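The values are calculated or read from the model by the stated rules, or taken from the named source; none is laboratory data. Keep in mind that what you see is a predicted model, and the values were worked out from it rather than measured. Please note: Cβ atoms are built from the backbone with ideal geometry, for glycine as well, and neighbour counts cover all protein chains shown. Accessible surface is based on the protein model in full, side chains and every heavy atom, while ligands, DNA and RNA are left aside. Shrake-Rupley method; radii C 1.70, N 1.55, O 1.52, S 1.80 Å.
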Amino acid sequence: MTTLPRPTTTLTADDARRVALRAQGFLGVPDRRAGVRGVLRHLGAVQLDTISVLARSHELVPYARLGAVGRKTVEAAYWGAGSAGGAPARPHAFEYWSHAACILPVEEWPHFAFRRRAYRSRPHWNHQLPEGVYEQVVKQLRAEGPLTATELGGAKRTSDWWDWSGTKVAVERALMYGEVVCVERRGWKRVYDLAERAVPDALLHDDLDDSECVRRLVRLAGEALGVGTRGDIADYHRLKAEQVDAVIADSGLVPVEVEGWSKPAWADPAALSAPPRGRHRTTLLSPFDSLIWERARTERIFGFTHRLEAYVPKPKRIHGYFAMPVLAGGRLVGRVDPAREGQTLVARQVGVEGPKAVPAVAQALAEAATWVNCADVRVERVEAPDLREPLTRELAALLG
């Protein structure tokens, strides 16, 4: 960006942190009447991931904001169909490529037209598409209704995860093109259906040009973040920096300065209209939660360095396989690498940011244990050994 408008206001670093927390649903009383669907609409995207420890990431995201909402309720809220006035039942969400593979509110379907067009014009693909298979997949879905790749004829040619069958290549390409939609996950398998059946008629179009699409996603990212740099905003839906630059002045976001931030920032004007106040959530966070999924932003806002180590060789891990940061009082005060053994939640490794954080870490562990129907918590290793006994004592008091 060659020229920048003058900031409309200056925020302290603490102001920016509180604005971000409220925008992400962690400060103030959440709208429980809107439930999980309200969380999805508010965030604009909920990331999916294959790893399941306490639960899958898309379940952990609403749990972190709403508390112990039932896991079946979470799935039904995402994928359950709704209808109005006798119209065919349609899903409330669809899965597509945003920050990564994400669940997205179905009303945002038109705003991903720019990405569907880009995929259709893509000259190179990693997987070859056998002749005629694409047409056969679409024909089979039209005749038989929603199907998994296995039901369509098989997802893989061999046991290697990357060795997709022609059917899988075809249906995934149809998904990227927008002819097919993932309407739910069944046993973690995508269930595909034709977009013409799954997306409401009023939304089933690619009429918006690229600028309109990107402008909407920039605005949505700014609202979900509250305040962010250009890089933060671009990363939310994985836009290119030049795409953001082209539309941000007309997106409705306003330029601001944040003390201690080295780069210019933009904010949602609604987030600046009233001081962020209210009750803070105390909870474990998925590493894929949109509050912390961008590591540089997490460090800038919270002074907390976090890295997912699931794909790091075990001897090189520092904090554990699936270390989950602990949010309390609007700050990241520790992290827990969890596991489950029967009805016991196992804290394989716990990091605590000092003695004052012990009650919050214990509260987050106890609530998570109750949510996943564990009767107790076993602490294996605490990075500060002198905090182990206070932590186990707090847990015993909470769990009775």
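Observations on the structure shown:
- All Cα-Cα distances of region 289-339, cut into 10 Å bins from zero to the largest, leave 25, 55, 19, 1 percent in each bin in turn.
- Whole-percent carbon and sulfur share, accessible surface of region 241-293, 1.4 Å: 50
- Accessible surface, region 227-273, averaged per residue in Å² (probe 1.4 Å): 43
- Given the chain, longest segment not containing exposed loop GluC sites (Glu not before Pro) (DSSP; at most 11 other Cβ within 10 Å): 260-400
- Helical contribution to [θ] at 222 nm, DSSP H n ≥ 4, -39,500 (n - 2.57), averaged over the chain, rounded to 500: -10500 deg cm²/dmol
- Kirkwood hydrodynamic radius over Cα pairs of region 139-276, then Stokes diffusion coefficient at 10 °C and 1.306 mPa s, in µm²/s: 89
- Compared with the rule-of-thumb size 2.2 N^0.38 Å for a compact globular protein, region 304-400 has a Cα radius of gyration ratio of 1.01.
- Of the residues Thr229, Thr12, Thr50, the one that moves most in a GNM of the chain with alpha-carbon contacts below 10 Å is Thr50.
- Binning the alpha carbon pair distances of region 1-68 at 5 angstrom intervals from zero yields the distribution 3, 14, 20, 17, 15, 13, 9, 6, 4, 1, expressed in whole percent.
- Cleavage-rule hits, trypsin sites (Lys or Arg not before Pro), region 313-400, DSSP coil, Cβ neighbours within 10 Å at most 13: Arg381
- Net charge of Cβ neighbours under 11 Å - reference Ala396; Lys, Arg +1; Asp, Glu -1: -2
- Lysine pairs in region 100-252 with Cα atoms under 22 Å, if 8 or more residues apart or on separate chains: 6
- The angle between the Cα long axis of helix 210-225 and the longest principal axis of the Cα atoms of the chain comes to about 20 degrees, rounded to the nearest 10.
- Computed extension length for Tyr177-Glu367: 64.2 nm, one decimal, from 0.36 nm per residue of separation with the Cα-Cα distance subtracted.
- Annotation for Asp250 and His124: the two label points, set 7 Å from Cα along the Cα-Cβ direction, are 3.3 nm apart.
- Kirkwood hydrodynamic radius (C-alpha pairs) into Stokes-Einstein, region 1-155, 4 °C and 1.567 mPa s, D in µm²/s: 68
- Among Thr283, Thr229, Ser273 the positive-end extreme of the charge dipole of region 223-302 (Cβ point charges): Thr283
- Projected-area mean, the chain, by convex hull of Cα positions, square nanometres: 22.0
- Sparsely packed loop sites in region 113-205 (the chymotrypsin sites (Phe, Trp or Tyr not before Pro) outside DSSP H, G, I, E and B with at most 13 other Cβ atoms within 10 Å) comprise Trp125, Trp161, Trp162, Trp188.
- Interchain or long-range residues, amide H under 5 Å from Leu11's placed H: Glu257, Val258, Glu259
- At most 10 other Cβ within 10 Å, DSSP loop - trypsin sites (Lys or Arg not before Pro), region 252-287: Arg277, Arg279
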